[in-house]
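First comes the structure, then the notes that go with it.
What follows is calculated from the coordinates using simple rules that are stated; it is not laboratory data. In this text the structure is predicted, and so the values were computed from the model without any measurement. Backbone-built Cβ (ideal geometry, glycine too); neighbour counts: all protein chains shown.
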Amino acid sequence: MNLKVMKTLLWRETWEHRGLIWAPVITAAVIVLTALLSTSFTGSVQIDIDGQIDIDGKERELFASLAADLSHQRQLFAVWLGALVIPQMIVAMIVLVFYVLDSLYNERKDRSILFWKSMPVSDAQTVGSKLATALLLVPLWVWLVSMLASLVVFVIVSVKLGGTPLAPLATFHAGTWLALQLTMLQNVLVAALWYAPIAVYLLLTSVYAKRSPFLWAVLPPVLLVIFEEVAFNTSMIAGFIANRLFGFIRELDLHISSEDGDTSASLMREIARSYEQLGTLDMLAKPDLWFGVAVAAIGFFAVVRLRRWRDDA
Amino acid sequence: MGAVIHARGVRKRYGRSTLALDGLDFDVAAGRIVGLMGPNGAGKTTALKSILGLTPFEGELQVLGRDPRTERDSLMKDVCFIADVAVLPKWLRVDHALDYVAGVHPKFDRQRADDVLKRTDIKRKSKVGELSKGMITQLHLALIMAIDAKLLVLDEPTLGLDLLYRRGFYETLLNDYFDHERTILVTTHQVEEVENLLTDVLFISHGKIVLDSTVDALPSRYAQLVTASEHVATARALRPIYEREVFGRYAFVFEIGKGGAPTVDELAAWGDVRTPSIADLFVALMNGGRGNAEVAA
């Protein structure tokens, strides 16, 4: 495939959908703003405006041991910065769902498909560029933006923590940070494979629907779920869909919860567990994932064929 | 040079009953400007869509030696088309439109497009949605003219434009684009406008070609006799294919030069004889001689 053509096609997508570029930037700005205004750090520790730290004995103990334990300190650092990408991901996903639904529908609605088709660009290239925008271009952009945002957030928080008992936690671990970015990059690629069938399904409704691709996308699964519930009193389809929708985010469970009675040792374990969750490469071992990729590949050819021969512009 | 378009028995059916194309046979040679004309629903657009590989069909069709059904992607490097006004998307910015075509089309000459655009009032940072219909057509034409294509297909390219833009469109096309190696296939309802630039005409009716001729050959095939009312009976006896009355004068169109048909000299005895305009001929052939001019667009 010609690289110059592909590059142009990807740019084209960003011209039509400015939101793909701006949504991650705006989300990052909100995260940075929250860090600026917020007074809490890792949930339960309050930093007052005057710099007074209100921590109880147990947390004092936790932070004391963290200050000494460099390995867990690094893990907490990674989990904390890594978790910043989750709101970014959720916003990007919502934006991308609407992008994909529009991508092959708008061009038919405004008949611009006749212009696009007057160019020597194959349907596979066109559909491929839209899929690549949704699964790679925007996620990589989110990755880049959130990387920068995490640095800014780190600076803000470390300034706030300076001179407090928590100051050791504001150490920048360059090696850990780099490793975290590589892990996040892997996550982008795993997510692309995991969500490929959903993206292709949305493309299919986009290329097929005569009107309202959103309803075409949402109604069939909802009706199937209801039908199954009523007819068999089971919810296998719902489970299947939920697994596909949330399976990836569930893997990234970065919430560190502390409850009464937790010792600092159990919190350390919790930090270590979350750290393990940062990477999702183990999803590549799931047959589920590869089944989805196969379905997506078949669906892709269906979308290309439909766009090639659909004749109602 | 072989035929740019070679069609044999091209058929296209919509649903079960509608036959949009009923066996088209025609050839278009290189360097011609061909007008494809027909009433609404005659199959013009379907024929163009078949040539451009936008719709499936039956039969044999070669465009620049390629089958548009299976070789569309490479075909589009040598074929350009303006499907209609206003198919450029509203969100597209003018400079991005140039970037886009430059990025995907190997035969696009950006400098040329820039030169054509400089002669218009179109601003580079405007979005298509902010341009007038006429300007959108100018932009589209600037993009297309900068592509070194062998075949240009125009489907009602000036629909809805005012006279100035329509005139300008064809003038630009003829003066700055057409060079006797390129081929242009155009459909339009505004027959009078393209009349003087066509080299060939293809009339299509009910999915069939009813006239396939060079413009140069028309005088030896058709003649129009304009005469006074006292000669009407005589003229009718010569079997015109079409007649109409204009301000008390009668105009008859004859097919000439065939066995049994009148000659120009025979007709000249009864009034003024000239070659019918393409518009007159269109009405004559589309009407089957019933003398109702209203179907002409």
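Based on DSSP H runs of at least 4 residues, each adding -39500 (n - 2.57), what is the mean residue ellipticity at 222 nm of chain B after dividing by all its residues, to the nearest 500 deg cm²/dmol? Can you show the working numbers first?
Details: 10 runs with 80 residues, N = 297.
Computed ellipticity for chain B at 222 nm equals -7000 deg cm²/dmol.
Could you tell me, in Å, what Rg and Dmax come out for the Cα atoms of region B:5-213?
17.0, 50
Along Cα→Cβ, 7 Å out, is where each label goes; now give me the distance between the ones at residue A:277 and residue B:18 in nm to one decimal.
About 5.7 nm separates the two model spin labels.
Please give the per residue volume of the convex hull enclosing the alpha carbon atoms of region B:162-297, rounded to a whole number of Å³.
Numbers: hull volume 18.8 nm³, N = 136.
Per residue, the Cα convex hull of region B:162-297 comes to 138 Å³.
Give the peptides A:293-303, A:183-193, A:76-86, A:169-179 in descending order of average Cβ contacts within 10 Å, highest first. Display every interim value, and only then the final one.
Working: A:293-303: 15.8, A:183-193: 18.4, A:76-86: 21.5, A:169-179: 14.3.
The packing order, highest mean first, is A:76-86, A:183-193, A:293-303, A:169-179.
Can you compute the modelled spin-label distance between residue B:277 and residue A:90, with each label point 7 Å from Cα toward Cβ, in nm?
7.0
Please work out the FRET efficiency for the pair residue B:216 and residue B:91, using the Cβ-Cβ distance as r and a Förster radius of 45 Å; give the result to the nearest 0.05.
Details: r = 46 Å, r/R0 = 1.02.
Calculated transfer efficiency: 0.45.
Rounded to the nearest 5, what % of the DSSP beta bridges within region B:5-213 are antiparallel ones?
Expressed as a percentage, antiparallel bridges in region B:5-213 total about 55.
Which semi-axes, in whole Å and largest first, does the equivalent ellipsoid of region B:218-295 have when worked out from the alpha carbon gyration tensor as the square roots of 5 times its eigenvalues? Write down the numbers at each step before the final one.
Values: eigenvalues 56, 47, 23 Å².
Each semi-axis is √(5λ); the values are 17, 15, 11 Å.
Summing -39500 (n - 2.57) over the DSSP H runs of n ≥ 4 in chain A and dividing by its residue number, what mean residue ellipticity at 222 nm do you reach, to the nearest 500 deg cm²/dmol? Could the numbers behind the result be given before it?
Numbers: 14 runs with 228 residues, N = 313.
Per the formula, -24000 deg cm²/dmol.
Per the Debye formula with a single identical scatterer at each Cα and no solvent contribution, what log10 I(q)/I(0) holds for the protein assembly as shown at q = 0.06, 0.07 Å⁻¹?
Scattering profile of the protein assembly as shown, log10 relative to I(0): -0.49, -0.61.
Given R₀ = 56 Å, what would the calculated FRET efficiency be for residue A:231 paired with residue B:180, taking r from the Cβ atoms and rounding to 0.05?
Numbers: r = 70 Å, r/R0 = 1.26.
Calculated value: 0.20.
So what's the net charge close to residue A:282: Lys and Arg +1, Asp and Glu -1, counting the other residues with Cβ under 10 Å from its Cβ? Let's see the in-between values first.
On the way: positive: A:286; negative: A:251, A:276.
Computed value for this residue: -1.
Hey, got the Cα dimensions of chain A along the principal axes, in Å, largest first?
That works out to 71, 50, 33 Å along the principal axes.
Around residue B:282, with a cut-off of 11 angstrom between Cβ atoms, what is the net charge of the other residues, counting Lys and Arg +1 and Asp and Glu -1? The partial results should precede the final answer.
Numbers: positive: none; negative: B:192, B:195, B:280.
Combined, the nearby Lys, Arg, Asp and Glu give -3.
Taking 25 Å as R0, compute the FRET efficiency from the Cβ-Cβ separation of residue A:33 and residue A:178 and round it to 0.05. Present the calculation step by step, with values, prior to reporting the outcome.
On the way: r = 26 Å, r/R0 = 1.05.
Rounded to the nearest 0.05, the efficiency is 0.45.
Residue B:260: net charge of surrounding residues, Cβ under 15 Å, Lys/Arg +1, Asp/Glu -1, itself excluded? If you can, show how the numbers build up before the last one.
On the way: positive: B:221, B:239, B:258; negative: B:255, B:266.
Around residue B:260, the surrounding residues sum to +1.
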